[in-house]
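Below is one structure, written out as structure tokens, with a few remarks after it.
Taken together, the values in this text are just the output of simple stated rules run on the coordinates, not laboratory data. Keep in mind that what you see is a predicted model, and the values were worked out from it rather than measured. Every residue, glycine as well, gets a Cβ built from its backbone with ideal geometry; the counts of neighbours run over all protein chains shown.
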Amino acid sequence: MNHSPDLDLYPNSRAARDAWILARRAGIARTKGLSPRQPSHWLREAEPNPAGGQASILTVFLTNKECPWRCLMCDLWRHTLEETVPVGAIPEQVERAFAADQAKHPKQAQWLKLYNAGSFFDPQAIPAADWPELAQKARAYERLVVECHPKLIREERILPFQRELGADTRLELALGLETAHPEVLERLNKGIDRESFQRSAEWIRRHDMDLRVFVLVKPPFLNETEALEWACRSMDFAFDCGANTISLIPTRSGNGALESLEARGEFSPPRPETLEAALSYGIGLGRGRVLADTWDLERLEADPIRRASLLSRLENGNRTQRNG
């Protein structure tokens with residue numbers, strides 16, 4: 001479908017942006033074969049722990065209804081269902097992941113991540129009736145990491161879950177800041193600003209939870225120089241908000257909306273050296289753990305030899321939290 005130049009302009013209002021983003025999903029299919037009783041994926045990974053060692057992590061990607069926000073850069077909706085899953089389905093997904101992990105790994109992971117292409121404390125994604133059972137299941141781990149939109153940081157949802165989790169399992173909430181650039185953050189259509197993010201982060205600190213922050217490397221509307229500058233500023237801001245861990249996500253196309261912006265010259269993925277420089281800056285701060293996302297690196301570096309070298313350097317930085 002061809003759009004006229006005027007129709008391709010990114011709108012200024014929230015409602016118009018929602019419609020613009022949804023219209024550009026045309027022709028992009030959701031992942032086939034998703035089941036409300038099966039996680040979409042699970043894996044073992046490792047990352048530095050606060051003591052300076054390495055934590056083994058079981059990461060489970062839950063299958064659920066998509067997030068109600070229409071973020072400009074998001075492609076996670078492709079891996080979601082269109083309806084809320086039945087009560088009991090999410091705990092069943094977790095049990096299936098536990099069984100699969102146990103069959104492959106004789107030793108249980110130390111940390112558990114429950115990621116779900118949306119927000120853990122969104123009852124449309126994960127029924128509230130399932131939260132207590134999920135907390136009970138997570139008690140076997142030293143740390144539980146769940147994702148949540150900053151606007152869903154609500155005392156009546158999270159504090160009972162934290163109590164059910166118990167004192168021996170540390171709760172870590174992962175929030176998408178995306179960028180501290182005020183105008184770009186507003187245009188990402190996430191429905192937050194710097195001040196609302198700060199309030200959510202302060203609430204997390206006040207209630208003795210850890211904070212993980214997602215930062216985009218080169219979101220739309222920034223050139224390469226600006227991208228590195230604002231990745232660094234965003235890390236400064238996230239640490240000022242009390243982040244323990246920052247995850248750097250290179251912005252990737254694949255959701256239709258970013259392709260439209262790319263055609264207009266308003267978006268392009270970051271260069272590999274920009275991602276590396278951002279990781280180096282964050283590690284050099286020494287204020288907390290900084291990790292670079294290494295998924296789909298072929299989108300940043302097409303040459304397989306250079307890509308393998310890039311992956312090795314990023315993984316070394318992630319693992320050692322040292323530069324060079």
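Between residue 170 and 143, 144, the built amide H atoms are under 5 Å apart, and every one of these is 5 or more places off in sequence or on another chain. Each of 149, 207 was scored by other Cβ atoms within 10 Å of its Cβ. Listed from fewest to most, they are 207, 149.
Computed over the Cα atoms of segment 27-109, the ratio of the radius of gyration to the Kirkwood radius (Rg/Rh) comes to 1.05. Judged by a Cβ-Cβ distance under 4.7 Å, the unpaired cysteines of the chain are 67, 148, 232, 241. The phi-based Karplus calculation (6.51 cos²θ - 1.76 cosθ + 1.60; θ = phi - 60°) puts the 3J(HN,Hα) values of segment 25-30 at 7, 3, x, 9, 7, 6 Hz, whole numbers, x for Gly and Pro.
Would you calculate, for the chain, the mean residue ellipticity at 222 nm contributed by helices, counting each DSSP H stretch of 4 or more residues as -39,500 (n - 2.57) and dividing by all residues, to the nearest 500?
Numbers: 11 runs with 123 residues, N = 324.
Computed ellipticity for the chain at 222 nm equals -11500 deg cm²/dmol.
Cα centroid distance between segment 166-195 and segment 73-91, in Å? Taking the Cα centre of each part, segment 166-195 and segment 73-91 sit 20 Å apart. Once the gyration tensor of the Cα atoms in segment 1-157 is diagonalised, the equivalent ellipsoid follows with semi-axes of 33, 17, 17 Å, ordered largest first. Cross-link pairs exceeding 31 Å in C-alpha to C-alpha distance, out of 104/137; 107/190; 113/151; 104/151, comprise 107/190; 104/151. The value for segment 83-200 of Rg(Cα) / (2.2 N^0.38 Å) is 1.17.
Normalised Debye scattering of segment 125-187 at q = 0.12, 0.20, 0.28, 0.29 Å⁻¹ gives log10 I(q)/I(0) of -0.37, -0.80, -1.30, -1.36, counting only Cα atoms as equal scatterers and leaving out solvent. When the Cα atoms of segment 142-255 are aligned to their principal axes, the ranges along those axes come out at 46, 29, 24 Å in descending order. Counting only the Cα atoms, the chain fills a convex hull of 141 Å³ per residue.
Can you give me the relative contact order of segment 49-154 as a percent, contacts being Cα pairs under 8 Å and 6 or more apart? Before the final figure, lay out each step's value.
On the way: 149 pairs, mean separation 36.7, N = 106.
Rounded, it is 35 percent for segment 49-154.
Fraction of C-alpha pairs exceeding 12 angstrom in segment 190-237: 69 percent, rounded to a whole number. Cross-link partners for residue 32 among the lysines, with Cα-Cα distance under 22 Å and sequence neighbours closer than 8 places in the same chain left out: 65.
Annotation for segment 296-324 versus segment 243-289: alpha-carbon center distance of 14 Å.
For residue 176, nonlocal amide neighbours, meaning residues 5 or more places apart or on other chains whose placed amide H falls under 5 Å from its own, are 148, 214. Taking every Cα-Cα distance in segment 236-315 and sorting them into 5 Å bins starting at zero, the pair-distance distribution P(r) comes out as 3, 14, 22, 19, 17, 15, 8, 2 percent. Summing Cβ point charges (Lys, Arg +1; Asp, Glu -1) relative to the Cα centre of segment 11-320 gives a dipole of roughly 380 debye.
Derived scalar couplings between HN and Hα for segment 280-291 equal 4, 4, x, 4, x, 5, x, 9, x, 6, 10, 10 Hz in order, rounded to whole Hz, by the Karplus curve 6.51 cos²θ - 1.76 cosθ + 1.60 (θ = phi - 60°), x for Gly and Pro. Phi angles of segment 79-96 translate, via the Karplus equation with coefficients 6.51, -1.76, 1.60 and θ = phi - 60°, into HN-Hα couplings of 10, 10, 9, 8, 10, 5, 6, x, 4, x, 6, 5, x, 5, 4, 5, 4, 5 Hz per residue; Gly and Pro are given as x. Taking amide H positions as modeled 1.01 Å from N, with prolines and chain starts lacking one, no residue 5 or more places away or on another chain lies under 5 Å from residue 126.
Can you pull the Kirkwood radius for segment 255-302, inverse mean 1/r over Cα pairs, to one decimal in Å? Before the final figure, lay out each step's value.
Details: mean 1/r = 0.0799 Å⁻¹.
For segment 255-302, the Kirkwood estimate is 12.5 Å.
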